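Reading through the structure tokens given below for one structure.
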Amino acid sequence: MHHLRARNLAAAKAVECRLAHCSGLFMKRRYRWLRRLGLLALVSILLAAIVVYAVYRHYLPQLPDVAVLRDVRFQVPLKVYSRDGKLLANFGEARRFPARIEDVPPVLKNAFIATEDERFYQHPGVDYQSMARVGWEFIRAGGEFGTGGSTITMQLARNFFLSPERKIERKLKEMMLALKIEREISKDEILGLYLNKIFLGNRAYGVAAAAQVYYGKGLADLTLPEAAMIAGMPKAPSDLNPVQNPARALERRSYVLTRMRESGFISAEEFAQANAEPDRARLHDLPIELEAPYVAEMARLEAERVLGAEEALTGGYSVFTTVDSRLQAAANEAARSALIEYEERHGYRGPEAAIAQGTSDAEVMATLRGLTAPGGLMAAMVLEASPESAKLKFADGSTGELPFEQMKWARRWVSSNERGPAPKNLTSVLKPGDVIRARQLPEGQWRLAQLPTVQGALVGLDPENGGIRALVGGYSFGRSKFNRATQSARQPGSSFKPFIYSAAFDKGFTAASIVNDAPIVFDIPGVEKAWRPQNDNETFSGPIRLREAMVRSKNLVSIRILDAIGVSHAQEFIAKFGFPPSSLPPNLSIALGSSSAPPLAMARGFAVFANGGFLIDPHLIERIEDANGATVFATNPPRACADCPERIAQEFALEPAASASDPSVVPGINLAPRAIDARNSYLITSLLLDVVKRGTGRKALELGRNDLAGKTGTTNEFRDAWFSGFNRAMVTTTWMGFDDFSSLGEGEFAARTALPMWIGFMAEALKDVPDVAPVMPTGITTARINKASGLLTGAGDDNSMMEMFRVEDMERLARGTGASGKQDPYEVF
């Protein structure tokens, strides 16, 4: 027994010894493994460092200079303004309005940081925690990076310098660039660049553009839910924006709000309130302050010519035009009113469409919203109709009443010369379901309307320097971009006669010259039928003074004086008014306005009479400013400047009397060339003053002024109607007609069509402008003549009047020699 115990004790000691030995051996072996692992880790770190250094050295030369970010030029659209700073239009593919970081409200900054890069203000450009997750995703994806992991700085690096491909090489460059950017640029600068660069759908680049596009607001006015909505879009701007996909956008907004709450930017109460708020996003255009689309398009084309197309539309330039906002608004109203009045005179073409009974309200609204409202002509559906009135529904869901009184004009249109009987009541014209147009009158009532098929144009020009103060190229730019003020080529008719008379005065004719208003026949070689021109009313007055012939717009008189002076002389002389010689037919028909010209060219020609005989250049742009407000282009247009010392010296071939220090001397003045003699200009103006006082333009007397001169023009078969008129402050040409050269209809003379448009505009254009008679130039004298013979007479002649002459013409008349050089005092041809 004792022996057995001893043996067990020995065995236990042996086991203990073996365990101790094993333990020591295990510890030794463990130490060796730990040492090996430490060495391996050290080697791995060194190898990683070497690899990182090698990669850095490899890619470093390829990395761009991030300093360019300090001077980055965003693609900013072209803006067009009136001369008084009213916005007309934006042009460019991108909608971007760069904002300073200090102008971005904290709620919007916090929304982006919470969603895109919570540790933005803590990391050095790369968030290593996020990158570890991305690295694991990279291994699982077999060498392609998924989304996420990119800090705001990394996104900035990618957006400015790198491609969007998801490859490791691009990711490495992105990380290194981010680190480099953070060493050279402050966090706020980085955030500002990012918020101005990112694409947010619907051509909106940057948060300021997104605020305007989706909510019609500036950044400072954004609410918490609106800021969260915008901050949620960068991940997928097309799929997550509230216009294209409202449901997904709301889910994304909720996620952004959640991240803001978790990051401590908003409270639980703020989260709940914002998350419950319905979204009201819809597409908004930049608020246009002045409607002038034809002007804006002209300015865009000119800016592209000056700056280059790409530079103009992306460089953030601002074009300041010569247009005056008050006058442009008056031109819009005058043109539209004249065209609508014409439409009402010629009858109603009927509803635009009919919506069947039982159509859902959503379909009705979709139909109405699909119809634009050019010139304030609102689309509406007739909900109910009675003999006395109709209830209308508009595209915005509102309703209105159309009384029968405001549609009595709606006789059925048959042709330009024929209408049906007057409507007996409202239901004889309209019924429920009809889609019509209505315009709201100043007093609030609705009036039946229709989209005009007739067109019109208006140009208001400063005769001193050619600045275009107002321009309308048609009823609606949206329906037709063809600019009738500048691009059309229409016959001016009798409104061209002042240029014929001016050429005749240059040859010695006077306002008192007698020309026979009688039938005349021309045999034209190669043409079987002889040309027998007529007056408008097909009546004849016999011998008539040129002043009276102009007042009464006698066609045959114009033909006779043109025949007398010669077509070639007339072409050469009229070209001085700025008309291309190729536009002037080489025959007698030019006396009746058979040439072709746009309204702008006619206004330029009449400006020669308005400014005393100088040819100015119509121009639209005053200056162009870059994104920093520096002027990069400015015009110095030729000016009439009849009273400038430089002009006086030029006219009289004198040395300027004033010194360079004299404040009366205008430095750098660009003088317009003289087109015609000042006396010629004055005499033609005196004839045109009479056209307004007692001729075809007398309707303009309702303006209550004595300084208005002008001429009507109506072409054959009433295809075109014109009025060009002026005083020393403004020259305006108006035109009305159809694009397909159809007739305006019997009796639609210019006095009824174009002249009211001119009056409507000039009533505003000449407000507060002094009524000043033209100044008689040197070399003009007055004498009493007999009204019938045009000969000099005495004060006792009961049939006499005072007339104006050039001094040399007066001397010739006193000798009894007429313009033809004959002794016969009568100039009858």
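The values are calculated or read from the model by the stated rules, or taken from the named source; none is laboratory data. Note that the structure is a prediction, hence the values are computed from the model and not measured. Virtual Cβ from ideal backbone geometry, glycine too; neighbours counted across all protein chains shown. Areas reflect the complete protein model, heavy atoms only, side chains present, ligands, DNA and RNA absent. Shrake-Rupley method; radii C 1.70, N 1.55, O 1.52, S 1.80 Å.
Are any residues in segment 730-742 buried (at least 17 other Cβ atoms within 10 Å of the Cβ) and farther than 14 Å from residue 474 by Cα, and if so, which ones?
730, 731, 732
Evaluate the following for residue 701: is it at pLDDT 95 or above and either surrounded by fewer than 16 Cβ atoms within 10 Å (Cβ to Cβ) or not in a helix (DSSP H, G or I) (or both)?
The answer is yes for residue 701.
Please work out if residue 721 is closer than 18 Å to residue 494 by Cβ and assigned to a loop (DSSP other than H, G, I, E, B).
No: the conditions fail for residue 721.
Please go through segment 440-488 and give me each residue that is part of a loop (DSSP other than H, G, I, E, B) and of a type in the set (S, T, N, Q), ordered by number.
445, 450, 453, 465, 476, 480, 483, 486, 487, 488
Of the conditions (1) over 23 Å from residue 609 (Cα atoms); (2) in contact with a helix residue (DSSP H, G or I) (Cβ under 7 Å, 6 or more places away or on another chain); (3) in a helix (DSSP H, G or I), residue 534 satisfies every one except a single condition; which number is it?
(3)
Taking the conditions exactly as written (open to solvent by less than 30 Å² (accessible area, probe 1.4 Å), at pLDDT 85 or above and under 16 Å from residue 195 (Cα atoms)), does residue 157 satisfy them or not?
no
With 709, 763 as the choices, which residue is open to solvent by 10 Å² or more (accessible area, probe 1.4 Å), touching a residue at least 40 places away in the same chain (Cβ under 8 Å) and over 19 Å from residue 345 (Cβ atoms)?
Result: 763 is the single residue among 709, 763 that is open to solvent by 10 Å² or more (accessible area, probe 1.4 Å), touching a residue at least 40 places away in the same chain (Cβ under 8 Å) and over 19 Å from residue 345 (Cβ atoms).
Restricting to segment 327-367, and then to whatever is among the basic types (Lys, Arg) and assigned to a helix (DSSP H, G or I), can you tell me which residue is nearest to residue 748 (Cα to Cα)?
So, considering only residues that are among the basic types (Lys, Arg) and assigned to a helix (DSSP H, G or I), the one nearest to residue 748 (Cα to Cα) is 345.
Here are 696, 712: which of them is of a type in the set (S, T, N, Q) and either within 29 Å of residue 642 (Cα to Cα) or assigned to a strand (DSSP E or B) (or both)?
It is 712.
Could you pull out every one of the helices (runs of 4 or more DSSP H) wholly within segment 542-622 that has 3 or more residues that are touching a Ser or Thr at 6+ places or on another chain (Cβ under 7 Å)?
Here the list reads 599-610.
Do we have any residue at all in segment 489-512 that's of a type in the set (A, V, I, L, M), open to solvent by 30 Å² or more (accessible area, probe 1.4 Å) and closer than 30 Å to residue 757 by Cβ?
There is at least one residue in segment 489-512 that is of a type in the set (A, V, I, L, M), open to solvent by 30 Å² or more (accessible area, probe 1.4 Å) and closer than 30 Å to residue 757 by Cβ.
With respect to the numbered conditions (1) surrounded by fewer than 18 Cβ atoms within 10 Å (Cβ to Cβ); (2) among the acidic types (Asp, Glu); (3) farther than 27 Å from residue 749 by Cα, which one is the sole condition not fulfilled by residue 464?
Single failed check for residue 464: (1).
Can you say whether residue 763 is hydrophobic (A, V, I, L, M, F, W, C), outside any helix (DSSP H, G or I) and at pLDDT 95 or above, as far as the supplied structure shows?
no
Does segment 368-391 contain at least one residue that is among the β-branched types (Val, Ile, Thr), open to solvent by 20 Å² or more (accessible area, probe 1.4 Å) and at pLDDT 95 or above?
No, segment 368-391 contains no residue that is among the β-branched types (Val, Ile, Thr), open to solvent by 20 Å² or more (accessible area, probe 1.4 Å) and at pLDDT 95 or above.
Do you know which residues across segment 564-585 are touching a helix residue (DSSP H, G or I) at 6+ places or on another chain (Cβ under 6 Å) and surrounded by fewer than 17 Cβ atoms within 10 Å (Cβ to Cβ)?
575, 581
Any idea which of 428, 488 is of a type in the set (Ser, Thr, Tyr) and under 27 Å from residue 294 (Cα atoms)?
Only one candidate passes the filter, namely 488.
For segment 766-820, name all the residues that are open to solvent by 40 Å² or more (accessible area, probe 1.4 Å), in contact with a strand residue (DSSP E or B) (Cβ under 8 Å, 6 or more places away or on another chain) and of a type in the set (Val, Ile, Thr).
781, 782, 793, 807
With 756, 777 as the choices, which residue is farther than 29 Å from residue 483 by Cα and in contact (Cβ under 8 Å) with a residue 24 or more places away in the chain?
Result: 777 is the single residue among 756, 777 that is farther than 29 Å from residue 483 by Cα and in contact (Cβ under 8 Å) with a residue 24 or more places away in the chain.
Select from segment 395-407 the residues that are outside any strand (DSSP E or B) and within 23 Å of residue 339 (Cβ to Cβ) and write down the one among them that is most open to solvent (accessible area, probe 1.4 Å).
The selected residue is 405.
Under 8 Å by Cβ, and 6 or more places apart or on different chains, what pairs join a residue from segment 341-365 that is closer than 12 Å to residue 451 by Cα and among the aromatic types (Phe, Trp, Tyr) with one that is open to solvent by 60 Å² or more (accessible area, probe 1.4 Å) and not in a helix (DSSP H, G or I)?
348/411; 348/412; 348/413
Kindly establish whether residue 452 is of a type outside the set (D, E, K, R), without any contact (Cβ under 8 Å) to a residue 24 or more places away in the chain and more than 30 Å from residue 571 (Cβ to Cβ).
no
Could you grab me the full set of residues in segment 513-548 that are open to solvent by 20 Å² or more (accessible area, probe 1.4 Å), closer than 22 Å to residue 709 by Cβ and either β-branched (Val, Ile, Thr) or in contact (Cβ under 8 Å) with a residue 24 or more places away in the chain (or both)?
536
Name, by its number, the condition in (1) of a type outside the set (Ser, Thr, Tyr); (2) out of contact with any strand residue (DSSP E or B) (no Cβ under 9 Å at 6 or more places or on another chain); (3) over 17 Å from residue 728 (Cβ atoms); (4) modelled with pLDDT under 95 that does not hold for residue 630.
Residue 630 satisfies every listed condition except (4).
With respect to residue 303, determine if the residue is of a type outside the set (Lys, Arg) and under 28 Å from the mean Cα position of the chain (by Cα).
For residue 303, the condition - of a type outside the set (Lys, Arg) and under 28 Å from the mean Cα position of the chain (by Cα) - is met.
Among (1) touching a Phe, Trp or Tyr at 6+ places or on another chain (Cβ under 8 Å); (2) assigned to a helix (DSSP H, G or I); (3) not small (Gly, Ala, Ser), which single condition is residue 392 missing?
For residue 392, the exception is condition (2).
Conditions tested, residue by residue: (1) more than 21 Å from residue 204 (Cβ to Cβ); (2) of a type in the set (A, V, I, L, M).
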position	(1), (2)
239	no, no
248	no, no
269	yes, no
274	yes, yes
